[in-house]
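**Student:** Starting off with a structure, shown below.
Read-outs: derived from the displayed coordinates by stated rules, not from any lab. In this text the structure is predicted, and so the values were computed from the model without any measurement. Here the Cβ positions follow ideal geometry from the backbone for every residue, glycine too, while neighbour counts run over all protein chains shown.
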Amino acid sequence: MVKNYFSTRWGIIGVGCFIGIFAAFLQKLGNPGNMGICVACFERDIAGAIGIHRAAVVQYMRPEIIGFVLGSLMAAYIFKEFRPRTGSAPIARFVLGIFAMIGALIFLGCPWRAMLRLAGGDGNAIFGLLGLIFGIWIGTLFLKSGYNLGRAKTTHTSAGWLMPLIMLGFLALMLVFPQIEGQGKNGILFYSTKGPGVMHAPLIVSLIIGLAIGFAAQQSRFCTMGAFRDLILFKQMHLFFGIIALVASAFIVNLILGQFHPGFTNQPVSHSLSLWNFSGMALAGLAFALAGGCPGRQLFLAGEGDGDAAVFVLGMIVGAAFSHNFGLASSPKGIGPHGIAALITGIIVCLFIGFTMRKKI
Amino acid sequence: MSIIINAEGLSCPQPVLMTLDKIKEIQKGEIMIKVDTNTSKENVSRAAQSQGWKTTDIQEQITGYQITIKKE
């Protein structure tokens, strides 16, 4: 049996460094500030690109997300790890995906971006990360008391291919209806003409880096939620080394590229309301823990045939649409008009799922 | 005769939780764990190792893997 180098300690550290370095470079090449990669933000931009929300400043078909899924698919096939499976309470995962996104957009970022924000000097990220850890800690209490979403079953190979095919479809749409400078729409795709949505690295660069990260992360099982969860639950440091590597390498590259600006105010695409930064990420962290993976990990799982993770991803994209259609998402000006109501609803729903889904296995 | 844990279809951390519970319960002996992904296989082996158990055998099957861990 060939040893999986990526799953060793140096493997996970290497992958963390890889993500940190290339995220910082993607920012240099045009992606928004402290947002070289943000799975939540980029899925939100995709929701905008296909017009299921009409927040004009966050609409772009992000090739990084497409790359993550397809890169993972390639790795899964090359290393014979593609296993089409589904049936572990998909509806619960869909709902968790919705509220994970709502929580993340109150903070303004997924765990990856929380770390990239920290590595870029944004002190507000500390509250987001503390919230994330708090949410995951609540999740581990549920896990300890028997919470689980039940067993998945092997399914048709083609079912495992659906999420990669959706991503290929998105890529095809992007090639058929490319961005025209200064125009908000081409064919059916929306493109921001201002705001974070207009800031992006060249398509081909984004796609290739996305593919490489997807490939490496599938093999290493890189997961930011898992990093904290395993540390709290098992005192297991393995995945944690990966996220330390991510923050450290992004920090160093940011220093070199002049992208490190320490402070709490005027940080890119962020607000400084500490309570809501904390609570938003606490909701997201709980939802990730109950669903078994951070947004990035869910994309990589979807690429290796996990239909339940794919449903979570779709939940997140729909959640992004809700966030912007109903005024739940924050902006640099502060939290959305209905953000708090959505946050409370989300916490109640997650607790309901956590308390009631503990079937004997 | 070793104890069998069927963690097929369960995603992490479930297989690890089940394995660690059993390790705590029996302290030493042999446990056979059935999982269906490489990730679970690696995680279970890593968790067992952290408790001083040894992975003595991994059998690849159509539906996944059968891992045997042991502590004398």
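**Student:** For a label point 7 Å from the Cα of A:L351 along Cα→C-beta, name the residues of the range A:121-137 whose backbone N is under 13 Å from it.
**Tutor:** From the range A:121-137, the list is empty.
**Student:** Note down the relative contact order for the range B:3-71 as a percent, whole number, built from C-alpha pairs under 8 angstrom at least six residues apart.
**Tutor:** Computed value for the range B:3-71: 35 percent relative contact order.
**Student:** Same structure again: Would you kindly enumerate the cysteines in chain A that have no other Cys beta-carbon under 4.7 Å from their beta-carbon?
**Tutor:** A:C17, A:C110, A:C223, A:C294, A:C350
**Student:** Taking only C-alpha pairs under 8 Å that are 6+ residues apart, what is the relative contact order of the range A:253-361 in percent? If you can, show how the numbers build up before the last one.
**Tutor:** Numbers: 61 pairs, mean separation 28.6, N = 109.
Relative contact order here is 26 percent.
**Student:** Hey, rough spin-label estimate for A:T8 and A:F79, points 7 angstrom out along Cα→Cβ, what's it come to in nanometres?
**Tutor:** Once both label points are built, they end up 1.3 nm from each other.
**Student:** From Cα pairs below 8 angstrom and at least 6 apart in sequence, can you work out the relative contact order of chain A, rounded to a whole percent? Write out the running numbers ahead of the final one.
**Tutor:** Values: 794 pairs, mean separation 133.9, N = 361.
Taking the mean separation of contacting Cα pairs over the length of chain A, I get 37 percent.
**Student:** Please say if the range A:112-216 is rounded, prolate or oblate, where rounded means a/c under 1.5 for a ≥ b ≥ c the square roots of the C-alpha gyration tensor eigenvalues, and otherwise the choice is prolate for a/b larger than b/c and oblate otherwise? Walk me through the intermediate numbers first.
**Tutor:** Details: a/c = 2.54, a/b = 1.29, b/c = 1.97.
Note, shape of the range A:112-216 comes out oblate.
**Student:** Let me ask something additional. Could I get the Rg over Rh figure for the range A:248-317? Both from C-alpha atoms, Rh via Kirkwood, rounded to two places.
**Tutor:** Values: Rg = 16.2 Å, Rh = 14.7 Å.
For the range A:248-317, the value is 1.10.
**Student:** Put +1 on the Cβ of every Lys and Arg and -1 on every Asp and Glu Cβ in the range B:3-71; which of B:I23, B:T63, B:P13 then has its Cα farthest towards the positive end of the dipole?
**Tutor:** It is B:I23.
**Student:** Let me ask something else. Hey, if you put +1 on the Cβ of every Lys and Arg and -1 on every Asp and Glu Cβ in the protein assembly as shown, which of A:G305, A:I213, A:I66 ends up farthest toward the positive end of that dipole?
**Tutor:** A:G305
**Student:** Compute the Cα gyration tensor for the range A:290-361, then decide on rounded, prolate or oblate, letting a ≥ b ≥ c be the square roots of its eigenvalues: rounded whenever a/c is under 1.5, prolate when a/b is larger than b/c in the other cases, and oblate in all that remain.
**Tutor:** Numbers: a/c = 2.89, a/b = 1.40, b/c = 2.06.
Judged from the Cα gyration tensor, the range A:290-361 comes out oblate (a/c at least 1.5, b/c at or above a/b).
**Student:** Extending each Cα 7 Å along its Cβ direction at A:L257 and B:K71, get the distance between those two points in nm, one decimal.
**Tutor:** 4.6 nm
**Student:** Using the Kirkwood formula on the Cα atoms of the range A:50-124, what hydrodynamic radius do you get, in angstrom to one decimal?
**Tutor:** Numbers: mean 1/r = 0.0640 Å⁻¹.
Hydrodynamic radius (Kirkwood, Cα pairs) of the range A:50-124 is 15.6 Å.
**Student:** Let me ask another. Kindly provide the trypsin sites (Lys or Arg not before Pro) of the range A:155-246 that DSSP labels as loop, not H, G, I, E or B, and whose Cβ sees at most 14 other Cβ atoms within 10 Å.
**Tutor:** A:K194, A:K235
**Student:** Å³ per residue of the Cα convex hull, for the range B:3-71?
**Tutor:** 65 Å³
**Student:** Taking a ≥ b ≥ c as the square roots of the Cα gyration tensor eigenvalues, with a/c under 1.5 meaning rounded and otherwise prolate when a/b beats b/c, else oblate, which class fits the range A:1-120?
**Tutor:** On the way: a/c = 1.85, a/b = 1.22, b/c = 1.51.
Oblate, since a/c reaches 1.5 and b/c is not below a/b.
**Student:** Placing one identical point scatterer on every Cα of the range A:217-350 and ignoring solvent, what is log10 I(q)/I(0) from the Debye formula at q = 0.13 Å⁻¹?
**Tutor:** Log10 I(q)/I(0), no solvent term: -0.72.
**Student:** Could you tell me which trypsin sites (Lys or Arg not before Pro) in the range B:27-72 are loop residues by DSSP with no more than 13 other beta carbons within 10 angstrom of their beta carbon? Before the final figure, lay out the partial values.
**Tutor:** On the way: sites: B:K28, B:K34, B:K41, B:R46, B:K54, B:K70, B:K71; in loops: B:K28.
Of the trypsin sites (Lys or Arg not before Pro), the ones in loops of the range B:27-72 whose Cβ has at most 13 other Cβ atoms within 10 Å are B:K28.
**Student:** A further question follows. State the answer as a single residue: which of A:G195, A:S7, A:I106 lies farthest towards the positive end of the charge dipole of chain A, with beta carbon charges of +1 for Lys and Arg and -1 for Asp and Glu, about the Cα centre.
**Tutor:** A:S7
**Student:** Could I ask something else about it? Can you show me the helix-derived [θ] at 222 nm for the protein assembly as shown, built from DSSP H runs with n ≥ 4 at -39,500 (n - 2.57) apiece and divided by the number of residues, rounded to the nearest 500.
**Tutor:** Details: 17 runs with 253 residues, N = 433.
Result for the protein assembly as shown, helices only: -19000 deg cm²/dmol.
**Student:** Whole-Hz ³J(HN,Hα) for each residue in the range B:46-62, computed from phi via Karplus 6.51 cos²θ - 1.76 cosθ + 1.60 with θ = phi - 60°, x for glycine and proline: what do you get?
**Tutor:** 5, 5, 4, 4, 5, 9, x, 9, 10, 7, 9, 7, 10, 10, 8, 10, 4
**Student:** Need one number: convex hull volume per residue for chain A, Cα atoms only, in Å³.
**Tutor:** Values: hull volume 44.0 nm³, N = 361.
Here the figure is 122 Å³ per residue.
**Student:** Shifting gears a bit: For the range A:295-361, which trypsin sites (Lys or Arg not before Pro) are in a loop by DSSP, counting at most 13 other Cβ atoms within 10 Å?
**Tutor:** Passing both the DSSP loop test and the Cβ count: A:K333, A:K359, A:K360.
**Student:** List A:I244, A:I353, A:I180 from most exposed to least, where exposure is judged by having the fewest other Cβ atoms within 10 Å. Mind dumping the intermediate values first?
**Tutor:** Numbers: A:I244 17, A:I353 22, A:I180 10.
Listing A:I244, A:I353, A:I180 from fewest to most nearby Cβ atoms yields A:I180, A:I244, A:I353.
**Student:** For B:W53, A:W10, A:W112, what's the fewest-to-most ordering of other Cβ within 10 Å of each Cβ? Before the final figure, lay out each step's value.
**Tutor:** Details: B:W53 20, A:W10 11, A:W112 27.
Going from sparsest to densest Cβ surroundings: A:W10, B:W53, A:W112.
**Student:** Can you pick out the pairs among A:K359/B:K28; B:K24/B:K54; A:K144/B:K71; B:K22/B:K71; B:K28/B:K54 whose Cα atoms lie more than 20 Å from each other? Numbers along the way, then the final one.
**Tutor:** Details: A:K359/B:K28 28 Å; B:K24/B:K54 15 Å; A:K144/B:K71 24 Å; B:K22/B:K71 12 Å; B:K28/B:K54 11 Å.
Check vs 20 Å cut-off fails for A:K359/B:K28; A:K144/B:K71.
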